[in-house]
Amino acid sequence: MSMLPLVASTAASIILAGSVFAASKDELLMNQVKAVASTLCDWAGLSRPQENDAIGSRPGFGEERAVEIVQPGGTAQIRTLKIPEGATTTGYNVARRTKHLRGSKRDDLVEVGVSHFAINFADVCIRLGLYESAIRNVGYPIVPGFDIAGVVTKVPDNCDLKVGDRVFGATLFGGYSTKVSVPKNQLREVPQYVTSEQAAALPAVSLTALHALTIAGFPALSKCSIPLGKNKSVLVHSASGGVGGMLVQFAKLCGAENVVGVVGRKNKTEYAISLGCDAVVYKEGKSKGEWWKEVEEANGGVGYKAIFDANGVETLQASYEHLDLCGRLVVYGFHTNLDNGTSLSPLSWIRMIIGFLKMPRFDAMQMTLDSRAVLGFNLSFFENETELIGDYFNTITTWLSAKKFQLPKVNLYEMDEVAQTHELIQSGKSIGKIVVRTNKNEL
Ligand SMILES: NC(=O)c1ccc[n+]([C@@H]2O[C@H](COP(=O)([O-])OP(=O)(O)OC[C@H]3O[C@@H](n4cnc5c(N)ncnc54)[C@H](OP(=O)(O)O)[C@@H]3O)[C@@H](O)[C@H]2O)c1
């Protein structure tokens, strides 16, 4: 395996370059080389901004549209396009390497008129050509998007849902759209008290949080239980972000006893506390040594049972060192490896390579001696884990109906403002979730 795919996938929160999916190794490498070249051309001003389809940028009633990333690069690579008559967007588990569905053979597809879709950090990685499951399974152009909410417009036979039901769900790309076809097991009804914008904010972040907690030994599913021992403390990095906010709340629901959050800026503290953190440590204006000392004090000087870390190179080693005996470090992203600029310059690539080289390598023998574990996952590759994801989704919907957790704070945008939403996510300043409304299909 060459260095390039590893560097790219590392920055994209994934290290799975060894496993084989739809694309052959040669295709994958070629796609990744193209992604690097394309981001550099974009940075150098050699690629033209993409133009919207002739329909204009702001969606009106009548036309079906999607937002696509034409090729890897800055936000100028984002454009609105018209979905052809009779087509919908869809995830790669339904139709690979095509952004529009034309007569799929699957018989479990529900057509959803999307009123809201969420923006995730992963979408920025896709735009920058750094998200491996997008490169493997779709390529460019790509309609990104994992989270949708809207109204059922067409159902297959034997489906519990009916036309007109208000639903929310997850799709493996294709969510930035007004019309999506989704396998029925990836959708659930929205409880009455929840708005569609709140529902759209939930699937990716809540499924990620629940899986992370489960593998860390805090399972919500009754069928798996791992003895936790006395220490039930949890440390959540980026506790006011999308996944972080869910981890804080779900940790409590799964039996954690001292949930400590870390946030970048002081102004995020209040939100993290409102989600249920027992203590919050902010990093702004402090040295690494200072804020890590506060993290230690927040758990009475004892190591944590589980630490959830999507920072990457900045904190991974120290997180490992702050685990208790039998502690688990769950790694699910690498956002500090990524540059804050909206397009990637040669310097950005050099920084990412340095970040990759500085990434801690965990030694199996040392982990055995320490009785600690490092675990990683990326849900965007879980296309065949439908039963597991279905179980998580059922748990989340049950908790949602019982009002067991607080809905994420939503920042609402229009469909022609996707570029701004990417910039906001990259700034690291956002609190809660970013959701886009399509101005269609609202009940
Ligand atoms: N493995 C999976 O299956 C999976 C699924 C979903 C998401 N993820 C990963 O989980 C992470 C969080 O996703 P999210 O949707 O919750 O994102 P989010 O809501 O945008 O939160 C990201 C937070 O990361 C922190 N951050 C640190 N360095 C950053 C940088 N260079 N650029 C932007 N933010 C930075 C910021 O918080 P602080 O400054 O407060 O730390 C920011 O609020 C991402 O790395 C994403 O790729 C993984």
**OP:** Be a star and scan segment 165-199 for residues whose amide nitrogen sits under 17 Å from the point 7 Å along the Cα-to-Cβ vector of K82.
**Re:** 178-179
**OP:** Grab the beta carbon distance between Q366 and E257, set R0 = 25 Å, and tell me the FRET efficiency rounded to 0.05.
**Re:** 0.35
Subject >> Whole-Hz couplings from phi, Karplus 6.51/-1.76/1.60, listed for segment 282-289; x for Gly and Pro >> reply: 9, 8, 3, x, 10, 6, 4, x
Subject >> Cα-centre dipole for segment 214-372 with unit charges at Cβ (Lys and Arg positive, Asp and Glu negative), debye to 20 >> reply: 240 debye
Original post:
At each listed q (0.07 Å⁻¹), what is the log10 of I(q)/I(0) that the Debye formula gives for the chain modelled as equal alpha-carbon point scatterers?
Top reply: -0.32
Subject >> Theoretical ellipticity at 222 nm over the chain - DSSP helices of four or more residues, -39500 (n - 2.57) apiece, nearest 500 >> reply: -9000 deg cm²/dmol
Original post:
Want the number for K286 to S274: 0.36 nm per residue separation, take away the alpha-carbon distance, what's left?
Top reply: 2.0 nm
Original post:
Could you work out Rg/(2.2 N^0.38 Å) for segment 142-279, with Rg from alpha carbons only?
Top reply: 1.21
Subject >> Neighbourhood net charge (11 Å Cβ-Cβ; Lys/Arg +1, Asp/Glu -1) for I425 >> reply: +1
**OP:** Show which aspartates and glutamates lie in cross-link reach of K440 when reach means a straight Cα distance below 13 angstrom and same-chain residues fewer than eight apart are skipped.
**Re:** E63, E64, E197, E414
Subject >> Within-11-Å neighbourhood charge of H211 [Cβ basis; K, R +1; D, E -1] >> reply: -2
**OP:** Calculate what fraction, in whole %, of the accessible area of segment 156-204 sits on carbon and sulfur atoms when a 1.4 Å probe is rolled over the protein chains.
**Re:** 44 percent
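Can you give the Kirkwood hydrodynamic radius of segment 354-438 from its Cα pairs, in Å with one decimal?
17.5 Å
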Subject >> Violating pairs (Cα-Cα greater than 30 angstrom) within the set K34/K184; K268/K293; K286/K358; K266/K403 >> reply: K34/K184
**OP:** State whether segment 151-196 is rounded, prolate or oblate according to the following rule on the C-alpha gyration tensor (a ≥ b ≥ c being the square roots of its eigenvalues): a/c under 1.5 gives rounded; otherwise a/b larger than b/c gives prolate, and the remaining case gives oblate.
**Re:** oblate
Subject >> FRET efficiency, C159 to T398 (Cβ-Cβ, R0 35 Å, nearest 0.05) >> reply: 0.95
Original post:
Contour minus end-to-end for K293 and N340, with contour as 0.36 nm per residue of separation and end-to-end as the Cα-Cα distance?
Top reply: 14.2 nm
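The values are calculated or read from the model by the stated rules, or taken from the named source; none is laboratory data. Bear in mind the structure is a predicted one, so any value in this text is a computation, not a measurement. Quick reminder, even Gly has a Cβ in these numbers, built from the backbone with ideal geometry, and neighbours come from all protein chains shown. These area figures cover heavy atoms from the full protein model, side chains too; ligands, DNA and RNA do not enter into them. Shrake-Rupley method; radii C 1.70, N 1.55, O 1.52, S 1.80 Å.
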